[in-house]
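Beneath this line is the structure, given in structure tokens, with notes to follow.
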Amino acid sequence: MTHSRTPDSMPVLSRGKHRNPRKGACFMELASYLAGERWSDHPKCTHPLLASLARDVNDHVDDDARIRLAPMIPDVIGLRGGDARVDAWIAREVALTALPIVSAERQGVAAVGLLRCERVLNHLEGRPRHYISQRTMAALAEAPRAREWARTFAGMGWGRSDSFGKRSAPAIIHCAVAGICESGLENSDDVLVDLLQRVITRCRDWLHHDTVPVGDQQWQEVIRLTRR
């Protein structure tokens, strides 16, 4: 990228959806602008589930933490692909982060999400349907009540596998991010900022794709648009 990774000034991000930059801008809206797309918080330039995570984190952290999200915006531009496993990988990473942090009620939901991700990956990668990865197994072992509740829930069925990316995965992410925010953890904003950065980094590997460079002039224009 031609601009500094730690520029002197940052765009001002705000919560929610905005009709145009004069009304404010969220993480993905500025990504759409930098990508040369129509102004939108659902641009085509970014994997839909990664964009969903970015929107949720943007809306749940406070103003000080939101400033720290801005340098990541160029990193999501062009980061997309057609590998169906990416939805499960992203959702699993988010649920694994949430499970030891969220309330007992939300732990059960996170555990169900983890088992759902494992089932989808087993189907896509040709493994036995009840296989559980070591990382997920270790996380569930630390939350035995949530694990048992999730197993009971699993007996009721998982729904259609072809709807996972559009319905189940975004729901897993939204519940996990909200749960982290509401956990009472003193550094919950740090957890969410770090989570988004980690998932962006892993998506580069999962999608075998580098993000599109953004020049200084474009970056400064974004800063100008959001400064009041």
**Q.** Hits in segment 90-125 (condition: closer than 21 Å to Asp205 by Cα and without any contact (Cβ under 8 Å) to a residue 12 or more places away in the chain)
**A.** Asn122
(Q) Restricting to segment 73-88, give me the number of residues that are within 28 Å of His123 (Cβ to Cβ), in contact (Cβ under 8 Å) with a residue 40 or more places away in the chain and not charged (D, E, K, R). (A) 6
Q.
Among the listed residues Gly215, Gly184, identify the single one that is assigned by TED's automatic domain parsing to the domain that holds Ala98 and modelled with pLDDT under 95.
A. Gly184
Q: May I ask you to say which residue of Ala178, Ala138 is surrounded by 15 or more Cβ atoms within 10 Å (Cβ to Cβ) and either in contact with a Gly (Cβ under 7 Å, 6 or more places away or on another chain) or modelled with pLDDT of 90 or more (or both)?
A: Ala178
Q) Arg167 fails exactly one of the following numbered conditions: (1) among the basic types (Lys, Arg); (2) within 25 Å of Phe27 (Cβ to Cβ); (3) crowded, with 21+ Cβ neighbours inside 10 Å. What is the number of that condition? A) (3)
Q) If you scan segment 15-59, which residues turn out to be surrounded by 17 or more Cβ atoms within 10 Å (Cβ to Cβ), outside any helix (DSSP H, G or I) and in contact (Cβ under 8 Å) with a residue 24 or more places away in the chain? A) Gly24, Ala25, Cys26, Ala35, Asp41, Cys45, Thr46, His47
Q: Check every one of the helices (runs of 4 or more DSSP H) wholly within segment 87-192 and list those with 1 or more residues that are of a type in the set (Ser, Thr, Tyr) and either out of contact with any Cys (no Cβ under 6 Å at 6 or more places or on another chain) or farther than 30 Å from Ile67 by Cβ (or both).
A: 134-141, 144-154
**Q.** Total residues in segment 193-228, condition under 18 Å from the mean Cα position of the chain (by Cα), in a helix (DSSP H, G or I) and farther than 13 Å from Asp56 by Cα
**A.** 12
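The values are calculated or read from the model by the stated rules, or taken from the named source; none is laboratory data. This is a predicted model, so every value here is computed, not measured. Methodologically, a virtual Cβ is constructed for each residue, glycine included, from the backbone with ideal geometry; neighbour enumeration extends over all protein chains shown.
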